[in-house]
Every structure is written in C-alpha cells, then in structure tokens.
Amino acid sequence: MAKYIVKKSVPLRGEVEISGAKNAVLPLMAATLLNPEECVIRSVPDLKDVQVMMEILESLGASIDVTAPGEFSISSRQIKTTEAPFNLVSKMRASFLVMGPLLGREGVARIPLPGGCSIGARPIDLHLKGFRALGADIIMHEDGAFSYVEAAAGPKGLIGDRIYLDFPSVGATENIMMAAVLALGTTYIENAAEEPEIVDLANFLNKMGAKIKGAGTDTIRIEGVKSLHAVKHTVIPDRIEAGTFMLAAAITKGHVTITNVLPDHVKPIIAKLRECGVRIEEGDDYLEVMGDQGPLVSTDIKTLPYPGFPTDMQSPFMAFLTVCNGNSTVIETVFESRFMHVAQLNKMGASIETAGSRAFVKGNSRLRGCEVMATDLRAGAAMVLAGLVAEGQTEISEIYHIERGYENFIEKMRGLGADISKVES
Ligand code: EPZ
C-alpha cells in the first residue's frame, strides 16, 4: 500500500490554486441524469470519487467525454437502467445522490444502501422521508452486504409537497431537490442545508431550466417543470481544500497566497485562524495567509452546519491546535464519531482527551514523527499537517482516503516547500 512520507518542513511560502469542489461536483454530476441534453461541467477535479461517479453514470446510460482538462460533457439522452451497480456504490457514499434524479426522471430507482464509515453510521432516513413525501413508495431490501432500497413514484410521477428535515442534511437536501425538479407542483424543503454546494447545485439546475428559489437559506422552493435543456457550468472552488492549505500556512508559520477561493465560503475558518493570531488578507478570489506574524494561540471550535464551522475542517484544525499556545476544546456536533484522528495525533506526542462529542486539546505539544494512518479523508489531511511540524519523519498509511478528495495534493504541498513524498510499499 502506498504511503506519504512527511518530514519537518520550512515555513510554507508561495502560491497555491484551489481546485473545483469535490462535494459540489459529485451532486452536479448526479443531477445530469435529469437532463436528456448535454451538460458541460468545468473545473472538475481529478479525483477518485469523480472517477467512481463517472462509472456509475455511464452504467446508468450516460455518455461522458472529457472535452478539455477538467471539462466534462455529460449526456443522459436515454437512461438504460435505473439500478445502480453494487460494486461502484459500495466504493462511495455520495453515489446515493443518483437516487433523486433517477426517481425524478424515470419514476423508479434501485440503489444499494450506502455504507457507514469511520465518521458515523451515515443513515439515509431523511432522504427517504423526502421521497415518500413526494409520493414514492419505498421498499427496503435488507440482505446484508447486498442491501438496497427501491423507490417507485405513483402513476402520475412525483407530486410536490412540503418536507421538514429533522437535521439540515446536505445529501438529503440535494437528493430531494433533484427529485423535485420534474415533479408535478411545488415542493418546499424546510430546515434545508445551506452549504455553498447546495447553492451551486441549485444554480446548475436553474441554468438547465429548473425553477428553484431559496437555496442557501433554510427553506428551498422547487416548482416542478416539464423539461430541461443543455447547460454549461463551472464548479465552485473547494472550500475545504482551501481551509486545509490555510492551516498548512498557519501551522508552519508560513506565508501563502491561496487563489481560486471564495472568501465568503471560508468565513468561519478565517475568523478562527484570526483568533489564533494568524493574519489573513482577503481579495475577491484569493486569500493571503500569514502565520509568521506573532505567537499562535489556541481557540475553541464547535462544528455546525453551514454557516457554522465546517465538520470537515475539525480534524485538520485540531492538528493545528496541538501546537498553539494554550489549551482548547473541540466540539463535534455533526457526526457521532469523528475523533478517530485523536489516537493518531496522540501517537505523535499530542495530548488530547475525548469525552463524547468533546475533545480537550493541550497546546504547545512537541510532535514527533512516527507511523500513523489516515482514518478518513480529512483526518488524513490532519496527519499531513502534523507531519509538517513534527520532529523527524511521519509515515502516513491508508492515503487512498486523502487522494479521494484532494487533487494533486503532494504537488501542491511540495510547491509550497513542504517536505512530502509518496512511496509505494
Ligand atoms: C456531506 O455528507 C459531505 N459529503 C461530507 O463531506 C460533509 O462532512 C457532510 O456533508 C456535512 O457537511 C459530500 O457532500 C459528498 P449530511 P452527507 O447528510 O451529505 C445525519 C468529506 O470529507 N443524517 O449533512 O452525508 C448524519 O448521520 C465528507 O468531504 C441523518 O441522520 O452529510 C450526520 O450526522 C465527509 N439522516 C449529519 O446528518 C440522513 O438521512 C450530517 O450528514 C442523512 C444525514
């Protein structure tokens, strides 16, 4: 299995360009199933998860051409099957996002149940609550590893209705929004997720002829339409990748300019890093992050749905807090078990204790490189950040997690002066 070798690095300096957002492009790709005409998506990041979504769409009947670097032309003229393949769905939870578009366009869908993962059970009850509200019959086929869910719309197709989400689930908001685009009548999603990726999806759907209002607020209104047309769209920048490089500049006390970023999307990270003594200059589409402006002090973090502090930044930010002056508390409110990285950081000499959804982080740790593992995508990034300032060498295994979500991660880090390399073992 391949590993990353990370050595104590100099303060990072230079410029890094952020790629298109993984968590935006995956729902955008799923949404193309609604549209029989050509969908051109630009700024598509070169990620394993994108590859898996491509294969799933092709298995359902889509034809996909890469017409330029990062530019995909996707056409689902005919849907040839409404059953997503087990072997592909099991690789990536986000593949469940094809259920809404298939149900909306074809009136039927059969999708393997997405697995849980190291950060939580990842249930789909809110997705199914939404589909039922639109008139779909849902049948669960529980058969161990081959469990799947079958949905079938009524004789007139899906009928718009009002849906309240008990939790502002990103995926449920996206799935229900896509299912409602071609439904009869109007749908309201209440207590909807407000993430920028939801807004990007709504913009994409509106450009192809949908009638969606309120994306980015807690109530989204979708007025059903009869048909959709060709569309071209550029994916928003990846706010979590941007936050990761902001932290790389901060933890190494460097000075890094981050381009192709929307500062509005990373407000909580900017605010929290400023509380820690990091200086940040904001441009329209860039940030200048300076960790060399004075002592770095700890602050407390509580993850919340957008616009709160993003759960995906919790583990990378915790790595940073271990070397700041002072102690801090990190509260994870979105996922029920997103502290798997704590044991890995403690192995490197951090001193973090957890109790339920709280982690108590001692500052001023002298981290030492050793063998650690990436327990999920963002925890892997946290281990790289820790390795940049740890004495000696840090070997990170299970790096396939990291490469699922960060395009050209090694190259971008090395471009800033990080001492990081990939070895096949
Ligand atoms: C999306 O996952 C992201 N993934 C996650 O990013 C991100 O951490 C998460 O949103 C929260 O921001 C993609 O967009 C592909 P949720 P999603 O549904 O949609 C509970 C990364 O590292 N819930 O908002 O699966 C659930 O258990 C990944 O890039 C239900 O109870 O997240 C969790 O506690 C990790 N019932 C909470 O909501 C449901 O039906 C948030 O989940 C659905 C969710």
Accessible-area ranking of 370, 324, largest first, probe 1.4 Å | 370, 324
List, in order, the whole-Hz ³J(HN,Hα) value for each residue of the range 390-395 obtained from phi through the Karplus relation with A = 6.51, B = -1.76, C = 1.60 and θ = phi - 60°; use x for Gly and Pro.
-> 6, 5, x, 10, 10, 9
Using Cα pairs under 8 angstrom and six or more residues apart, how large is the relative contact order of the range 22-234, in percent?
-> 20
Lys and Arg at +1, Asp and Glu at -1: neighbours of residue 13 with Cβ under 13 Å from its Cβ sum to -1
Where the chain is the region considered: accessible area per residue in Å², 1.4 Å probe | 38
Once a ≥ b ≥ c are taken as the square roots of the eigenvalues of the Cα gyration tensor of the range 282-410, is the result rounded (a/c under 1.5), prolate (a/b larger than b/c) or oblate (a/b not larger than b/c)?
-> rounded
Just list whichever of 8/253; 22/91; 22/211; 8/272 have alpha carbons separated by over 18 Å in the model shown.
-> 22/211; 8/272
Straight distance only, please: which aspartates and glutamates reach the Cα of residue 48 with their own Cα at less than 15 Å, same-chain residues fewer than 8 apart left out?
-> 376, 398, 403, 407
Within the range 27-45, whose backbone N sits under 12 Å from a point 7 Å along Cα→Cβ of residue 77?
-> 36-38
Gyration tensor verdict on the range 111-215 (Cα atoms; rounded if a/c is under 1.5, prolate if a/b is larger than b/c, oblate otherwise) | oblate
Expressed as a whole number of Å, what is the distance separating the alpha-carbon centroids of the range 1-79 and the range 237-269?
-> 21
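At a 1.4 Å probe radius, carbon and sulfur cover how many percent of the accessible area of the chain?
The nonpolar share, carbon plus sulfur, comes to 49 percent.
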Theoretical gain in end-to-end length, residue 274 to residue 150 [0.36 nm per residue, Cα-Cα removed] = 39.8 nm
Residue 142 versus residue 217, label points 7 Å from Cα toward the beta carbon: distance in nm?
-> 4.0
Peptides 299-306, 193-200, 398-405: what's the order by average Cβ count within 10 Å, highest mean first?
-> 193-200, 398-405, 299-306
At what distance in nm do the modelled label points of residue 366 and residue 121 sit from each other, each positioned 7 Å from its Cα along Cα→Cβ?
-> 4.5
Enumerate by residue number the GluC sites (Glu not before Pro) in the range 90-154 meeting two conditions: DSSP loop (anything except H, G, I, E, B), and at most 11 other Cβ atoms within 10 Å of the site's Cβ.
-> 142
By the C-alpha gyration tensor axes a ≥ b ≥ c (rounded if a/c is under 1.5, else prolate when a/b exceeds b/c, else oblate), the shape of the range 31-123 is oblate
Bin width 10 Å, alpha-carbon pairs only: give the P(r) of the chain as whole percents, running from 0 to the bin holding the largest distance.
-> 5, 22, 31, 24, 14, 4, 0
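Ranking request for peptides 182-192, 91-101: highest mean number of other beta-carbon atoms within 10 Å first, then the rest in descending order.
On the way: 182-192: 20.0, 91-101: 24.8.
Taking the mean over residues of other Cβ atoms within 10 Å, the ranking is 91-101, 182-192.
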Taking only Cα atoms, what is the 0 to 90° angle, nearest 10, from helix 377-389's long axis to the longest principal axis of the chain?
-> 20
Additional length obtainable on full extension of the chain from residue 264 to residue 300, 0.36 nm per residue less Cα span = 10.8 nm
For the chain, what is the calculated [θ] at 222 nm in deg cm²/dmol (nearest 500), taking -39500 (n - 2.57) for each run of four or more DSSP H residues and dividing by its residue count?
-> -9000 deg cm²/dmol
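The values are calculated or read from the model by the stated rules, or taken from the named source; none is laboratory data. Note that the coordinates shown come from a computational prediction; the quantities given were computed from them, not determined experimentally. Note that we place each Cβ from the backbone using ideal geometry, even for glycine, and neighbour counts take in every protein chain shown. Each accessible area value is taken on the protein alone, full model and side chains, heavy atoms only, with ligands, DNA and RNA left out. Shrake-Rupley method; radii C 1.70, N 1.55, O 1.52, S 1.80 Å.
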